[in-house]
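The values are calculated or read from the model by the stated rules, or taken from the named source; none is laboratory data. Everything numeric in this text was worked out from a predicted model, so none of it was measured. Ideal geometry is used to build each Cβ from the backbone, glycine not excepted, and the neighbour counts take in all protein chains shown. To get the accessible areas, we keep the full protein, side chains included, count just its heavy atoms, and leave off ligands, DNA and RNA. Shrake-Rupley method; radii C 1.70, N 1.55, O 1.52, S 1.80 Å.
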Amino acid sequence: MNFQSLLTELKDGLLTITINRPEKLNALNQQVIKDLDEIFNRVNEDEDIRGVIITGSGEKAFVAGADISEFVRYTSSQAKKMAENGHRIFNKIESTSKPVIAAVNGFALGGGCELAMACHMRIASENAKFGQPEINLGIIPGYGGTQRLSRYLGKGKATELLLTGDMISAQEALDFGLVNYVTTKEELLPKCLSILNKIKSKSPLVIDQIIACVNAHFEKGEDGYMIEIDEFSRCMDTEDFKEGTAAFLEKRKAEFKGK
Ligand code: COA
C-alpha cells in the first residue's frame, strides 16, 4: 500500500496506519483525509485485514487537528464541503466492519480528537492530551466533535471542554471513559495489538454485527434493540454459530471462518 501521507504495515492480518506529517504534528490536511478515505475502502474490501490501528508519527502528537493553514482562507461553502467530507470519512471509519483502535501517542486535538473518537476504541500513552480547542480559533469543531465528545464524556463535561478549549490528560480521559487504557509509550502499540489479536480469533461475521448494533444506538439514532433482535436471529443461520456451539460442547477451541 502506497499513500502520500500515511505509513502502513500489515502484519498477521493487523494493519497499522501511521499519519506521517510529524513536522506539522500530523495535522489533517486534505491529502491525509483523502488517504484515510482510500485506505478504509481497502480495509473494508480486504478480507485479510482483520483489525486496524491508527497512530501518529513522531514523539509529540497523534494528530493536532485539522490543518489550520489550509482552511484559514476557506469560504463558508468550501468549509461546508470540508466538513461534509470529513463527516463521511469519519462515519466510514466508525462503521468499518473490523475493529479500529486509535493508539493516541500525544496531542489529540480538534480533528485529532474527532478522529480518535471515530475509532471503535482508544488507547492512550501517558503523554496524550485530548481537547477540542477550536473555540480559540473562533470556530466550532467540524468533524463530529460536538456530537461524539458529548456521547463519550456526557453533556456537561463535553460542553465545558468545548467552551473552554481546555485539554484533558490521558488519566482524565481514562476516568471519563474516553479511553480504554493508559500505557507507557513503549507499551502503547503492543497493548493495541494484543486486544486486536484476541478479537481476531472471533467470528468476523459476529464482529461486524456487534459493531453495527453498537453503532445503531450510539451513532445512527436507530432502535438498537430491534437491530439486535434481527442480528441475533441472523446468527443462527451461520456456520460460525454451528462451529462456536459445537466447539463448546466438544471442549475444543472454535475455528471461525466468517461464514
Ligand atoms: N494545523 C496546522 N499546523 C499545525 C497544527 C494544526 N492544527 N498544529 C500544529 N501545527 C504546526 C505548527 O504550526 C508548527 O509548524 P511550524 O514549525 O512550521 O511553525 C508545528 O506544527 C509544531 O507545532 P508547535 O505549535 O510549534 O508545537 P508546540 O509544541 O509549541 O505546541 C500544540 C503544540 C499542539 C499545543 C500547538 O501546535 C497547537 O495549539 N496546535 C493547534 C491545535 C488546534 O487548535 N487544533 C484544532 C485545529 S481545528
Item checked: Most fluctuating residue given options Ile39, Ile101, Ile227, as computed from a GNM of the chain linking Cα atoms under 10 Å -> Ile227
Next item on the list: Give the cross-link partners of Lys81 among the lysines, using a straight C-alpha distance below 30 Å as the criterion and excluding same-chain residues fewer than 8 apart.
Entry: Lys24, Lys34, Lys60, Lys92, Lys98, Lys129, Lys155, Lys157, Lys220
Next item on the list: Would you please report the Å³ per residue occupied by the convex hull of the alpha carbon atoms in the chain?
Entry: 136
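Please give me the summed charge of the neighbours of Lys98: other residues whose Cβ is under 13 Å from its Cβ, Lys and Arg +1, Asp and Glu -1.
Details: positive: Arg42, Arg50, Lys92, Lys200, Lys202; negative: Glu45, Asp46, Glu47, Asp48, Glu94, Asp208.
Charge balance near Lys98 sits at -1.
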Notebook entry, point to check: Principal axis lengths of segment 145-234 from Cα atoms, whole Å, largest first?
Noted result: 46, 35, 16
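With a 1.4 Å probe and all protein chains left in place, how much accessible area per residue does segment 136-259 have, in Å²?
Numbers: 7920 Å² over 124 residues.
With all protein chains present, segment 136-259 gives 64 Å² per residue.
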Item checked: For segment 6-200, share of DSSP beta bridges that run antiparallel, in % to the nearest 5 -> 30
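Loop only per DSSP, at most 14 neighbouring Cβ atoms within 10 Å: give me the GluC sites (Glu not before Pro) in segment 111-200, ordered by residue number.
On the way: sites: Glu114, Glu126, Glu134, Glu160, Glu172, Glu186, Glu187; in loops: Glu126, Glu186, Glu187.
Sparse-neighbourhood loop GluC sites (Glu not before Pro): Glu126, Glu186.
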Item checked: the chain, relative contact order in percent, only Cα pairs under 8 angstrom and at least six apart counted -> 15
Next item on the list: At 1.4 Å probe size, with no ligands or nucleic acids counted, give the accessible surface of Asp230 in Å², nearest ten.
Entry: 90
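Could you pull out the GluC sites (Glu not before Pro) across segment 1-62 that fall in loop regions by DSSP (anything but H, G, I, E, B) with no more than 16 other Cβ atoms inside 10 Å?
Working: sites: Glu9, Glu23, Glu38, Glu45, Glu47, Glu59; in loops: Glu47, Glu59.
Taking segment 1-62 and a limit of 16 other Cβ atoms within 10 Å, the loop GluC sites (Glu not before Pro) found are Glu47, Glu59.
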Note to self: Under a Cβ-only charge scheme (Lys and Arg +1, Asp and Glu -1), can you give me the dipole magnitude of segment 6-200 about the Cα centre, in debye to the nearest 20?
What the structure shows: 340
Checklist line | HN-Hα J in Hz across segment 165-181 - Karplus 6.51, -1.76, 1.60, θ = phi - 60°, x for Gly and Pro | finding: x, 5, 9, 10, 7, 4, 5, 5, 4, 5, 4, 7, x, 6, 10, 7, 8
Note to self: If the only charges are +1 at each Lys and Arg Cβ and -1 at each Asp and Glu Cβ, what is the size of the charge dipole of segment 204-249 around the Cα centre, to the nearest 20 debye?
What the structure shows: 100
Next item on the list: Measure nothing but the geometry: give the 0 to 90° angle between the long axis through the Cα atoms of 204-218 and the longest principal axis through the Cα atoms of the chain, rounded to 10°.
Entry: 50
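Which value, in debye to the nearest 20, describes the size of the charge dipole of segment 148-233 about its Cα centre when Lys and Arg Cβ atoms bear +1, Asp and Glu Cβ atoms bear -1, and nothing else is charged?
Numbers: 10 positive and 13 negative charges, 55 e Å.
Taking the Cα centre of segment 148-233 as origin, the dipole is about 260 debye.
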